[in-house]
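Structure, as structure tokens:
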Amino acid sequence: MTIKTKFGKNFVIFSVAIAIIIGMFGFSTKIYAKEFLNTEIINPVYNENGELIQFTVILKNASPELLEQLYKEVESRNINLMTTEMNKNGVVPLSVTGAGIIKFVQGACVVLAVLSGYGCTDVAHYIGLKLVDGWYMYNGKKYSGEWKVERGYIPGCEPRHSEGCFRTTYTKIG
């Protein structure tokens, strides 16, 4: 059976070409989006089961107040390459608004230490949890896990008060 159109054979070829281009664009957009998400995470560490157990991200969208607190600590400790000890992620751990623990218990999230600028949604986003009917889920099951959160400064980074000079490391501890 043949379908005839008033536009002819060239229209069909043109339509197929447009569909292929749109398909390729859509495919490349998906690849770009995946690569962009992966580039947020620095130094990911996985266990033998392929589960993400530690990662570092650049501090983003920090409030001016938080940046000021972090900057003051960097200045008061005179943090530079010659006067400080770095952790394995290449940052100097900070004590001011710099650490805490977030625990997921059967899909619910509890902040066990007072944190400034950290939240359950940050950890959930990076480890791939979905919020379903008020519960954090992973692969269709309510997620349980405990994460230590630490903020640090890259020694010698300038300007010292910029978001790009600070990293946040998330480590699964339970």
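Between Ile173 and Leu81, the distance separating the two model label sites (each 7 Å from Cα on the Cα→Cβ line) works out to 3.2 nm.
With R₀ fixed at 41 Å, the C-beta to C-beta distance from Leu131 to Glu48 puts the FRET efficiency at about 0.90. Checked against a 25 Å cut-off, the cross-linked pairs Lys88/Lys130; Lys142/Lys172; Lys60/Lys172 give Cα-Cα distances beyond that limit for Lys88/Lys130.
Throughout, read-outs are computed from the coordinates displayed, never taken from laboratory work. Because the structure is predicted, anything quoted here is derived from the model rather than measured. Heads up, the Cβs are rebuilt from the backbone with ideal geometry, glycines too, and the neighbour counts pull from every protein chain shown.
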